[in-house]
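**Q** Here's a structure for you.
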Amino acid sequence: MARTDDTETLPFATLNGVSRLSALEAVRARIALAVDLGLLSPGERLPGTAQIAGGLGVGEITVRRALVSLCADGVLERRRGRNGGTHVAETPTHGTVVAAEAYRTDSPAVHRLIDHRLALECGIAHLASSHASPDDLSALQDLVEEMDRAPSWAEFHGCDERFHLRLAEATGIPSITAPYGAVLRELYRYYLPYPMEALRESNTEHRLLIEALRRNDAAEAGELTRRHVEVLHRTMFVGLLNTD
C-alpha cells in the first residue's frame, strides 16, 4: 500500500529499524519470520504474487524476487503441476534472513504503537456508536462479509485496513481519520502472514462491534475494541518472539 506523509509525524517512525530495509528485504523478512514463528506451516501454499503484493503493499516484481531468493535460501520451494506454486518448504531453514532481526529489534516500539492505536480506536468506537449512519453500518457490514470470503491472509489484510478506516469515518469527524490512518499504516508495516483461523476470529470481533454500533452501545463498542486491539500484544510477532 502507498505510504503517505502522515507517518512522518509519528514519534515511532524514527525509532524503527524496519524503515531502513529495502522493499525486497522487508518482504523476505516478513515471510521468513512468519515461517520461523510457525504462522506459515511447512508445505503451506502461498497466495499468488499479485495477492502478496497487495497484502504487503509492494510491487509484484519485488515479491517475485523475494520468493525466488527465499526458495534459494531453503525457506520456500516451488512446485509444478496441478497443485503447484510457491510453498513453505517441508523442512524450511530458519534464521537465514538477516533482515528479520530488524523486526525483533523494533519490538518495544511496536508495543508502544499498539497502545497508541488502542487509545485512538477506543475513542473512535465510542464516537461511532453515536454517530454511525445506516450507510456507515452497511459499508462496515459489507467489509466484514468480504473478509469472511477472503481466501488468504493477503486479501484479508486490505479489507481489514478499509474496515478500520471506515470505522473512523463513521465518527462523522473528518479530522480523526488522517492521524488514525497514519498510526494504522505504521503498525501494518509489521504485520506478518497469519493463519486464516486467527483472522476469522478477528473478523468475528468486527461483526460484534457492528452489532454494538447498531444498538448505540458505547460501552460495549469500547470494550470490544479494547479487547480487539490489546490482543495484538500477544498475537502479533512481538508477542510470539522469545525475548528471554
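The values are calculated or read from the model by the stated rules, or taken from the named source; none is laboratory data. Small disclaimer: the values here were computed from a predicted structure and weren't measured. Here the Cβ positions follow ideal geometry from the backbone for every residue, glycine too, while neighbour counts run over all protein chains shown.
**Q** Please work out if residue 86 is of a type in the set (Ser, Thr, Tyr), at pLDDT 95 or above and either surrounded by 14 or more Cβ atoms within 10 Å (Cβ to Cβ) or over 17 Å from residue 184 (Cα atoms) (or both).
**A** Taking the combined requirement at face value, the residue satisfies it.
**Q** With the requirement that a residue be touching a Phe, Trp or Tyr at 6+ places or on another chain (Cβ under 6 Å) and not aromatic (Phe, Trp, Tyr), what does region 107-154 give you?
**A** Result: 109, 110, 113, 120, 143, 147, 150.
**Q** To continue, here is another question. What is the residue count in region 59-79 for residues that are under 17 Å from residue 42 (Cα atoms), not in a helix (DSSP H, G or I) and not hydrophobic (A, V, I, L, M, F, W, C)?
**A** Here the count works out to 4.
**Q** With region 112-210 as the region, which helices (runs of 4 or more DSSP H) entirely inside it contain at least 2 residues that are over 30 Å from residue 23 (Cα atoms) and of a type in the set (D, E, K, R)?
**A** In region 112-210, 134-149 are the helices (runs of 4 or more DSSP H) which contain 2 or more residues that are over 30 Å from residue 23 (Cα atoms) and of a type in the set (D, E, K, R).
**Q** Here's another thing I want to ask about it. Can you give me the number of residues within region 113-124 that are surrounded by 19 or more Cβ atoms within 10 Å (Cβ to Cβ) and either under 9 Å from residue 171 (Cβ atoms) or in contact with a strand residue (DSSP E or B) (Cβ under 7 Å, 6 or more places away or on another chain) (or both)?
**A** Count: 1.
**Q** Do any residues in region 96-107 that are in contact (Cβ under 8 Å) with a residue 24 or more places away in the chain have Cβ atoms under 7 Å from those of residues that are in a helix (DSSP H, G or I) and β-branched (Val, Ile, Thr), where the two are at least six apart or on different chains, and which pairs are they?
**A** 102/18; 103/18; 106/18; 107/238
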